[in-house]
Structures are given as structure tokens and as C-alpha cells.
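Engineer: Handing you a structure now.
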Amino acid sequence: MFSIKEFFSQLENRIKVKNMTEELIKNQNKLMQFQCIQVLSDSNKDVDAWYNQMKAWITLYQITDEKEIFNNCKFKVIGKSIHCLNALVTKDVDNNIVYPSLEEIRDALLEFHDLYMDPEDIIDKLKNMAISTRGNIKEFNKEYKELYNKLDEDDRRCISVSDYLKSIFNKKEAWKGVKLAGKRISLAKAFSTAELIDEVENECGKRTSNSNGNSSYNQKFNSHNNKIFNNKPVTHESRDNKFKNNNLNNDGNKGKYRVQMCYFCNEEGHKKYNCPKFNHFEYLKYQRILNEESSGSANVSNERLNY
């Protein structure tokens, strides 16, 4: 029989072993995720990606000690950049060592590799960006967001939806869609709207090219048939039909045979309500709205844009 004292001592030992096991597993996961962070070198100078990975790792494991942060950063920097980090360590009045923050390390590395951009230069570059007529809206938005995310919250107010509209002016359909969405939409909403319309336009373009391929085949087939029946003698019926067709093309009969015009795709032969491009656009738009409602839409007017 165990006494109560022995029972509680064993229970306490089990709790200690459990805590040690959990701490060991946590440290193993911490080390494994730290190994996944990329290493900055003289050939790899992607400081922004390195900073985002390091910041996410520090936030996940709630590391607040500046010395530990600095030492971890040194493990992931090799080459000439390491001298740049060592120069950031200073001493205060009381002769205590002062270590730099992660943001100071990032700025020093950007400046060392000549990658640092002044906020005014970023704003000017964003205002002067422009997509070509054959450019991809999604790739253009990715580059646009990368520059936008480098700005502080105050500097981001200098970039508006109007500036983004100027940059996508060459993509007429996307420009119209963002313009019709209203003046008070956020940049994130403008990005998603432009990408949706560009996706629909590309999908419709693929279908049109396929249909044109089939029509060219039909034209070749019909021309081949015309060559076969070219020697067919002309009868009175064929003359009458030719006379009727000429009458249909007279100016007096134009009003009787009005051609339907679609004001969505600007093609003849159908109206907007039965336009295949418009129906496909509405379907994609409905799917995008459902996805936004399920994931939860966030106001990103002055916040970091995710991509």
C-alpha cells in the first residue's frame, strides 16, 4: 500500500515528466521550423522574404529577448552581411550592451545590399506603374502589393483606388469593372474585382479562339464543296434565289432584318440576357462572393494586403 505522501510525490514526478516532454517537443518543433527559414548570403538577397519568415517564427514562439533575436538572425546570415549585423550592437551610457530590433536589422540589410527604397520613391513608383494590354492582372497586382506593403500606415494613405485605376487603364474591361464598383471601395476589393474580370475575359478569349478554329475548318470544308459543285449548271430557281438575296440587301429592306446586338460582349446575334460571356461572368462573380463570405472579408484600406 502506498501512503498519501508517496502517491502525491509520484503524481508530481509524472507531471514534471509530462511538462519536460511537452517542452522537449516544443523545442524540437521550434528548431525544425527555424531550419526552414532561408539563409541570406551574397547570392540570396531577398531580405523582405527573410524578414517575413523570421518575424513569423519569432511571433509564433513569443520570443521577446533582443539578444536571442539577434543571435538567431546571425545564424541565418552569412557572407559579407554578417559584418553589417555586428556593427549594429552598441553600448549605452551605463556600458550595457544594446542589441538591435528585428526591424533595425532588416533596414540595415536592405541598405547594405542597396535594396532600401525611400517611401517617397515607392509612392512615385506605384503612381507611375502601368500594365500592358497583354499583361496578367494577377501578376501585376502581386508586384503592386509587394511595393504597397513596404509602406507604413501613414504613407499608404497616399495611394488610392484612383491611382490603381490609372495603372490598369490599358486593361479596359478590368478598368470598367473597378470604375463601376464605386469610389469608396478598398484597394483589396479593387484588386479582387480586376482579377475576376480579367479571369473571365481570358476564359472567354479561349472559348472564342476555339470556336474560330472550328469555323475556319467549316470554311475550308465549304470551299471544298463549292469547288466540287462549281460546274453545276445555272437553273431558273438558282437565278430566282439570287434575285431574292439581292433584294434583302437593298436599303429599303434593312429595317425589316435588324441584327441583334449584345451590349456586354459587343457581338452580334444575341442579347445580353442570353450572352454566354455574361452568364459565365455572373457565375464567377457569385462564386467569388460566396468565398469572401465564408472566409470573412476584412477592411484592408490601411492594413497590410495579403496575397
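Engineer: Of the conditions (1) crowded, with 19+ Cβ neighbours inside 10 Å; (2) over 28 Å from Glu120 (Cβ atoms); (3) of a type in the set (Gly, Ala, Ser), Ala181 fails just one. Which one is it?
Structural biologist: Looking at each condition in turn, Ala181 falls short on (1).
Engineer: Looking only at the stretch 11-52, how many residues end up being part of a helix (DSSP H, G or I) and within 14 Å of Val77 (Cβ to Cβ)?
Structural biologist: Of the stretch 11-52, the ones part of a helix (DSSP H, G or I) are 11-35, 47-52.
Imposing the further condition that a residue be within 14 Å of Val77 (Cβ to Cβ) reduces the set to 34, 47, 49-51.
Total satisfying the criteria: 5.
Engineer: Still on this structure, please answer the following. From Asp124, Asp48, Asp42, Asp118, grab the single residue that is closer than 30 Å to Asn170 by Cβ and surrounded by fewer than 11 Cβ atoms within 10 Å (Cβ to Cβ). Even if it seems obvious, please write down each step before you answer.
Structural biologist: Working: Asp124 fails: surrounded by fewer than 11 Cβ atoms within 10 Å (Cβ to Cβ); Asp48 fails: surrounded by fewer than 11 Cβ atoms within 10 Å (Cβ to Cβ); Asp42 fails: closer than 30 Å to Asn170 by Cβ.
Only one candidate qualifies: Asp118.
Engineer: Let me ask something else about it. For the stretch 66-105, give me the residue count where each residue is in a loop (DSSP other than H, G, I, E, B) and among the hydroxyl-bearing types (Ser, Thr, Tyr). Before you say what the answer is, go through the steps one by one.
Structural biologist: Initial filter on the stretch 66-105 (in a loop (DSSP other than H, G, I, E, B)): 76, 78-80, 87-89, 92-96, 99-101.
Add one more test, that the residue is among the hydroxyl-bearing types (Ser, Thr, Tyr), and what stays is 99, 101.
The total comes to 2.
Engineer: Can you pull out the residues in the stretch 159-172 that are loosely packed, with under 15 Cβ neighbours inside 10 Å, of a type outside the set (Gly, Ala, Ser) and either in contact with a strand residue (DSSP E or B) (Cβ under 6 Å, 6 or more places away or on another chain) or without any contact (Cβ under 8 Å) to a residue 40 or more places away in the chain (or both)?
Structural biologist: Answer for the stretch 159-172, where residues must be loosely packed, with under 15 Cβ neighbours inside 10 Å, of a type outside the set (Gly, Ala, Ser) and either in contact with a strand residue (DSSP E or B) (Cβ under 6 Å, 6 or more places away or on another chain) or without any contact (Cβ under 8 Å) to a residue 40 or more places away in the chain (or both): Lys166, Phe169, Lys172.
Engineer: Just to be sure I understand the filter: pairs with C-beta atoms under 7 Å, separated by 6 or more residues or on different chains, first member in the stretch 144-155 and of a type in the set (A, V, I, L, M), second member assigned to a helix (DSSP H, G or I). Which pairs pass?
Structural biologist: Leu147/Ile122; Leu147/Lys125; Leu147/Leu126; Leu151/Pro119; Leu151/Ile122
Engineer: Looking only at the stretch 57-78, decide whether some residue is touching a Leu at 6+ places or on another chain (Cβ under 7 Å) and charged (D, E, K, R).
Structural biologist: yes
Engineer: Can you tell me which residue within the stretch 35-67, out of those that are under 19 Å from Leu147 (Cβ atoms) and in contact (Cβ under 8 Å) with a residue 12 or more places away in the chain, is nearest to the chain's Cα centre (by Cα)? Walk me through how you get there before you give the answer.
Structural biologist: The initial filter retains those residues of the stretch 35-67 that are under 19 Å from Leu147 (Cβ atoms), namely 45-52, 55.
Keeping just the survivors that are in contact (Cβ under 8 Å) with a residue 12 or more places away in the chain gives 45, 47-48, 50-51, 55.
Values: Lys45: 22, Val47: 20, Asp48: 17, Trp50: 20, Tyr51: 20, Lys55: 22 Å.
My answer is Asp48.
Engineer: From the list Asn19, Asn96, which one is exposed (fewer than 11 other Cβ atoms within 10 Å of the Cβ) and at pLDDT 85 or above?
Structural biologist: On the way: Asn19 fails: at pLDDT 85 or above.
After applying the criteria, what remains is Asn96.
Engineer: Moving on. Taking the options Ile131, Ile123, Ile63, name whichever one is among the hydrophobic types (A, V, I, L, M, F, W, C) and assigned to a helix (DSSP H, G or I). Working first, answer last.
Structural biologist: Working: Ile131 fails: assigned to a helix (DSSP H, G or I); Ile63 fails: assigned to a helix (DSSP H, G or I).
Criteria check complete, one pass: Ile123.
The values are calculated or read from the model by the stated rules, or taken from the named source; none is laboratory data. Small disclaimer: the values here were computed from a predicted structure and weren't measured. So basically every Cβ, Gly included, is an ideal-geometry build from the backbone, and we count neighbours across all protein chains shown.
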